[in-house]
């Protein structure tokens, strides 16, 4: 992978990029930094994250052999120079650095301070990718339809279309004489016919845009989708969507086209928080209700077994779970048994954090991972240790 000088934003993240970062030959310096600009500790000089980085580098260096320290120092110096010359303005920063790679990813979401030397660490990146859902936002009225992609606190416009209605060729048989020069008026049934033709044109326009929304939502796997606009416009767009898309669509019957983009994003985030509360509450209720009838399992042990034996349909976990597990370095089997030898293949097992391996496990077994926020998470934590799975 070639060096990337400009920082990437979260919307540039994808599975291919994360996988390529995980394959970079060691040693790699990986730094996750909480650079929240509003944190008073980050406003002083040097900022908190810079002090933390230096102290962690010293701790890592203390356990290194002398020949390794030179390569480590070179990458630490690159990171420190970058932070000094380009102070981050986002909530988080991820840096991968070695002689052949320089990759910076700017994040607008909460990031936990972590530092690694050796193999590149993408675990927190994978967790963040799973934690934040891709949302579609449609802003529509009689003048325009705009589509926005919202993910990880970034709102990016991806499509804009205006109705193109040409009335110049329409036949107008019964025109009154103009009451003012240059002004012509329709009367009676002809005015009604003209308005009906106008409405039919708008209906075709919104139908075409609904088809665009459907293809966009399926291609980007967007859930939920918010429709903002006047009631009549929103209902027309919604009615033309297939039922599968309607089921994950929220109608917000207010025309917000006039709002500055920052205020509009704040409104989107408010609607998303409300939707997530309801969605996550439903997930937790289904887990708890199903755990007594073999439709769901609770707890680390049963969830890992269900996931790895192909029985899980959805995995649900509380944000910030702190459990430790043993994972085989050969076959990848993961559980909490204390054995240092894998019961499945006899390979060596290593102790690791569950949150470091869970995103890869769910991807390996093609099972969606739902990460629950603290409000609904407390209920799951008390009943099942903060993790569970819905079964097939």
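The numbers here are math on the coordinates, done by the rules we state, and not lab data. This is a predicted model, so every value here is computed, not measured. Glycine also receives a Cβ, built like all others from the backbone with ideal geometry; neighbour counts cover every protein chain displayed.
Remarks
- Given R0 = 30 Å, the distance between the Cβ atoms of residue 218 and residue 363 translates into a calculated FRET efficiency of 0.90.
- Most simply put, the chain has about 80% antiparallel DSSP beta bridges, counting only bridges with both residues inside it.
- Looking at the range 243-392, the DSSP beta bridges with both ends there are about 80 percent antiparallel.
- Cα Rg, Dmax, the range 35-77, angstrom units: 13.1, 40
- Helix 66-85 axis, angle to the chain major axis (alpha carbon atoms, nearest 10°): 30 degrees
- Residue 195-residue 166 FRET efficiency (beta carbon distance; Förster radius 25 Å; 0.05 resolution): 0.95
- In whole percents, the pair-distance distribution calculated for the range 254-341 from its alpha-carbon pairs, binned every 5 Å from zero, is 3, 10, 15, 15, 13, 10, 9, 8, 7, 5, 3, 1, 0.
- Efficiency of FRET from Cβ geometry, residue 86 and residue 203, R₀ 56 Å, rounded to 0.05: 0.65
- Between the alpha-carbon centres of the range 251-308 and the range 357-392 there is a gap of 12 Å.
- Theoretical gain in end-to-end length, residue 14 to residue 78 [0.36 nm per residue, Cα-Cα removed]: 20.5 nm
- Rounded to the nearest 500, the helix-only mean residue ellipticity at 222 nm of the chain stands at -13000 deg cm²/dmol, with each DSSP H run of n ≥ 4 adding -39,500 (n - 2.57).
- Exposure proxy order (Cβ contacts within 10 Å, fewest to most) of 220, 309: 309, 220
- Nearest-ten-degree value, helix 354-364 long axis tilted from longest Cα axis of the chain: 60 degrees
- Once the mean of 1/r is taken over each pair of separate Cα atoms and inverted, the range 283-391 shows a Kirkwood hydrodynamic radius of 13.9 Å.
- Entry for semi-axes √(5λ) of the Cα gyration tensor in Å (calculated from the structure that is shown) out of (i) 32, 30, 22; (ii) 50, 29, 17; (iii) 75, 24, 20: (ii)
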